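Visitor: So that we are looking at the same thing, I have put the structure below in structure tokens.
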Ligand SMILES: Nc1ncnc2c1ncn2[C@@H]1O[C@H](COP(=O)(O)OP(=O)(O)O)[C@@H](O)[C@H]1O
Ligand SMILES: [Mg+2]
């Protein structure tokens, strides 16, 4: 496997509270990595570190090393905007902008300098198709995005993220606010996206991790307890704590 | 409690329920009566406000309409000359209407960009310390009595304009516009900051995560999301500017000229009423009431616009 992001000895503090302890992990390229673990173990924190969304929280301190395609993401020279363009993110609660469906998807490309209408139309259509929502919204692209269902909003948010052509897509419990039907649609979508993107997905749902992911990382109390191929983690975990968690003994 | 017999248990509980009901509905009627009385008092107090508005409206219409009819609505609204004390009096209020419109428009043209940018800065860029310090300053600006604005304008602004533009008299439309622009800043800033602060962080995070810079995010996501609140802030500023009397009386020269130039001595709708009221009589006095009525209609229009924008805000969140 080729790793695209490599994390070495990473620690993170919120003020005095250490939320991540000495993480070491290599995220494999063009595959799906699931982050599992009980609430509050630091999954979201870890995910937000990868595209530096933690920069927005005052009092966060990070040590250690994270490299994206070999380059230090904390280097002074790094343009955070470019990093986030490369490493896109989908949030736990669908958060489309209060504007039209079209403008939601076109927002990213416009931000990155694309103004040509024909080109934008193409990008928007491709992103919406890739996010498996084109057929549902193609006749109402001018309608406000807040008017579609929660499941559709989340796929729209995925389309919005895809429209800037990222390399990596971070997803923080993207289906936790959705009904089962929307959830399975998004799971199918994630499996399709694996062809083109590297995906890191936080999930609360272990069945989901088994269904979609190639690799699984198990977090507990800010530590990365175990990382490996999903089938190995779920069939023969090396660590007692992983076994306890996946067999439902706690969490 | 041990339930020995299901039937008797049910009976017991039903008995208990009816007892409880009786207690609530009959014995409790004392509390209920008190509730009614309190409700009545509040309603009465609320009606005082409504009553005042109704009374003022009716009074203004009754006392404002006769002069308009006597002078003729066209001559009154579009007459270019106001000479109420001349041997052959003229009651045209176009100079006042235009002055009020130009003065307000000028104040908005200066005050809105400044206020808007200040709000974006305060809501999105400023550190909490700077924000709270500047917000206190804005609050203070709102609390300064308008006569003080007028005084400072008279002593600083008017001579300043005379020197800078080399005109015989600095008191005029420009001085009034500048004073009004400053006076409407606090309402614009306060309301816009509130609207911008209320924009959900999720929107901004989504934008940043797409690789937009903070500035792009604020202007392309936060400001559009707050637009009805900001529009309401502008309308509120317009209302303040058009209703202001004391400060503009002191800096505008207060002569009923047509506002042909920025340095013209002019009189606003508000000051037209207050300047002559003390010594007016007959038709002149009635005409002053008519001016007040015109001003009132302007304000009603602005209030309607304000309600429109605020309603827009409410329905959007649904
Ligand atoms: N903004 C924050 N400020 C302070 N502490 C935080 C913040 N966000 C998360 N934490 C703390 O960091 C730990 C990890 O949180 P999080 O990454 O959200 O966990 P998870 O996503 O696995 O549920 C928790 O103890 C949480 O209380
Ligand atoms: Mg989380």
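Rundown of residues vs (1) within 12 Å of another protein chain (Cβ to nearest Cβ); (2) more than 15 Å from the chain's Cα centre (by Cα); (3) at pLDDT below 90, yes/no style:
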site	(1), (2), (3)
A:143	no, yes, no
A:156	yes, no, no
A:164	yes, no, no
A:169	yes, no, no
A:173	no, no, no
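Visitor: With the condition being free of Cβ contacts under 8 Å to residues at least 12 places away in the same chain and closer than 30 Å to residue A:162 by Cα, I'd like the helices (runs of 4 or more DSSP H) fully within region B:210-266 carrying at least 2 qualifying residues.
Guide: Working: elements: B:214-217, B:227-243, B:246-251.
Answer list for region B:210-266: B:214-217.
Visitor: What are the pairs with Cβ atoms under 9 angstrom where one residue, in region A:37-56, is under 14 Å from residue A:168 (Cβ atoms) and the other, located anywhere, is within 6 Å of ligand 1 (Cβ to nearest atom)? Sequence gap at least six, or different chains.
Guide: Note: pairs meeting the criteria are A:46/A:19; A:48/A:57.
Visitor: Continuing with the same structure: Look at region A:154-185 and say how many of its residues are surrounded by fewer than 23 Cβ atoms within 10 Å (Cβ to Cβ) and part of a helix (DSSP H, G or I).
Guide: Total satisfying the criteria: 6.
Visitor: Could you tell me whether region B:227-240 includes any residue that is surrounded by fewer than 19 Cβ atoms within 10 Å (Cβ to Cβ), more than 15 Å from the chain's Cα centre (by Cα), more than 14 Å from chain A (Cβ to nearest Cβ) and under 23 Å from residue B:117 (Cα atoms)?
Guide: For region B:227-240, residues surrounded by fewer than 19 Cβ atoms within 10 Å (Cβ to Cβ), more than 15 Å from the chain's Cα centre (by Cα), more than 14 Å from chain A (Cβ to nearest Cβ) and under 23 Å from residue B:117 (Cα atoms): absent.
Visitor: Does region A:10-20 include one or more residues that are within 14 Å of another protein chain (Cβ to nearest Cβ), near ligand 1 (Cβ under 9 Å from one of its atoms) and within 20 Å of residue A:87 (Cβ to Cβ)? Let's see the steps before the verdict.
Guide: Within region A:10-20, the first condition is being within 14 Å of another protein chain (Cβ to nearest Cβ), and the residues that meet it are none.
No: zero hits.
Visitor: Give just the number: which of (1) in contact (Cβ under 8 Å) with a residue 24 or more places away in the chain; (2) in a helix (DSSP H, G or I); (3) surrounded by fewer than 17 Cβ atoms within 10 Å (Cβ to Cβ) does residue B:164 not satisfy?
Guide: Answer for residue B:164: the failing condition is (1).
Visitor: Quick check on region A:47-70: of everything there that is surrounded by fewer than 19 Cβ atoms within 10 Å (Cβ to Cβ) and within 14 Å of another protein chain (Cβ to nearest Cβ), which residue is nearest to ligand 1 (Cβ to nearest atom)?
Guide: Only one residue tops the list, namely A:57.
Visitor: What is the one condition in (1) away from chain A (no Cβ under 14 Å); (2) modelled with pLDDT under 95; (3) within 30 Å of residue B:141 (Cβ to Cβ) that residue B:280 does not satisfy?
Guide: (3)
Visitor: Search region A:192-220 for residues being within 14 Å of ligand 2 (Cβ to nearest atom) and in a loop (DSSP other than H, G, I, E, B), and hand back the single one that is farthest from the chain's Cα centre (by Cα).
Guide: Checked region A:192-220; the qualifying residue farthest from the chain's Cα centre (by Cα) is A:205.
Visitor: Let me ask another. Which one of these is more than 11 Å from chain B (Cβ to nearest Cβ), without any contact (Cβ under 8 Å) to a residue 12 or more places away in the chain and either assigned to a loop (DSSP other than H, G, I, E, B) or within 16 Å of ligand 2 (Cβ to nearest atom) (or both): A:118, A:78?
Guide: One residue alone meets the criteria, A:78.
Visitor: For region A:37-63, which residues satisfy the criterion of being at pLDDT below 95, away from ligand 2 (no atom under 16 Å from the Cβ) and on the phi > 0 side of the Ramachandran plot?
Guide: A:59
Visitor: Conditions: (1) on the phi > 0 side of the Ramachandran plot; (2) more than 10 Å from every other protein chain (Cβ to nearest Cβ). Residue B:259 meets all but one. Number of the miss?
Guide: (1)
Visitor: Select from region A:20-46 the residues that are over 18 Å from residue A:67 (Cα atoms) and either out of contact with any strand residue (DSSP E or B) (no Cβ under 9 Å at 6 or more places or on another chain) or surrounded by fewer than 21 Cβ atoms within 10 Å (Cβ to Cβ) (or both) and list them in ascending order.
Guide: Within region A:20-46, A:38, A:39, A:40, A:44 meet the criteria.
Visitor: Still on this model: Please find, within region A:81-106, the residue that is nearest to residue B:213 (Cα to Cα) out of those that are assigned to a loop (DSSP other than H, G, I, E, B) and more than 16 Å from ligand 1 (Cβ to nearest atom).
Guide: The extreme case among them is A:97.
The values are calculated or read from the model by the stated rules, or taken from the named source; none is laboratory data. All values derive from a computational prediction rather than experimental measurement. FYI the Cβ positions are ideal-geometry reconstructions off the backbone, even for glycines, and counts take in every protein chain you see.
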